[in-house]
Amino acid sequence: QQPVQSPQAVILREGEDAVINCSSSKALYSVHWYRQKHGEAPVFLMILLKGGEQKGHEKISASFNEKKQQSSLYLTASQLSYSGTYFCGTGGDSGNTPLVFGKGTRLSVIA
Amino acid sequence: GAGVSQSPSNKVTEKGKDVELRCDPISGHTALYWYRQSLGQGLEFLIYFQGNSAPDKSGLPSDRFSAERTGGSVSTLTIQRTQQEDSAVYLCASRQGGRTGELFFGEGSRLTVL
């Protein structure tokens, strides 16, 4: 079951903040976040495990609400380098459950 | 190798031909995924290999698509009788193992079906 991301696209000025949401209709064991720049392969940002753990990566952090089956990615004081498409990937409890990604959120940071 | 290697990087073929795309994962990685990314679209799951378990083929769009992984390492994705809608970037990713490891993606194979 593919997770649902919102918004589909967002445009920010440098220094502004953004939140990208990811929700699933299935119980989640983990949530992955990746960023893909144009013409490049997706690159790992972070993994969150059930338990509401919040992780950070520079000025990018994320939360995971297991009960609501949701995760949010927080980008603070955005930089031009944050531009790209952000994907959340979700996997279930089974060790053999594949990682399925949402359709992505296209983030454009302008000067 | 240092990263996930995919070949060819670009493939142009005629409608109806068969194509094979190869993925060489990071040494020691037990999990291997194939995804498809059409122009401007998300990452569509195709197939997943985990160790010696039977692959999860639930994402394959039709029986024209198949994949195998030999010796727990190199994987080949085969598309038979290609159609124009098969045109996309095919991405391979590998993971060290366990349920929470990060995925390492290859640069992808861009397939164009004329």
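Quick notes
- Shape parameters for the protein assembly as shown, alpha-carbon atoms, Rg then Dmax in Å: 17.5, 50
- Counting Cβ atoms of other protein chains within 10 Å of each Cβ in B:45-57 and taking the mean gives 2.
- Reachable aspartates and glutamates from A:Lys103, criterion Cα separation under 17 angstrom, eight or more residues apart if same chain: A:Glu40, B:Glu44
- Value of Rg to Rh for chain B (Rh from inverse mean 1/r over Cα pairs, i.e. Kirkwood): 0.95
- Working note: Karplus 6.51/-1.76/1.60 with θ = phi - 60° gives segment B:7-16 the couplings 8, x, 6, 9, 9, 10, 9, 8, 3, x Hz, where Gly and Pro are set to x.
- For segment A:4-110, convex hull volume per residue from C-alpha positions, Å³: 90 Å³
- The mean number of partner chain beta-carbon atoms within 10 angstrom of a residue's beta-carbon across peptide A:33-42 is 4.
- Exposure proxy order (Cβ contacts within 10 Å, fewest to most) of A:Ser6, B:Ser109, A:Ser61: A:Ser6, A:Ser61, B:Ser109
A short reminder: the numbers here are calculations on the coordinates, not readings from a lab. The structure presented is a predicted model; accordingly, all values stated were derived computationally and were not measured. Cβ: placed from backbone, ideal geometry, glycine included. Neighbour counts: every protein chain shown.
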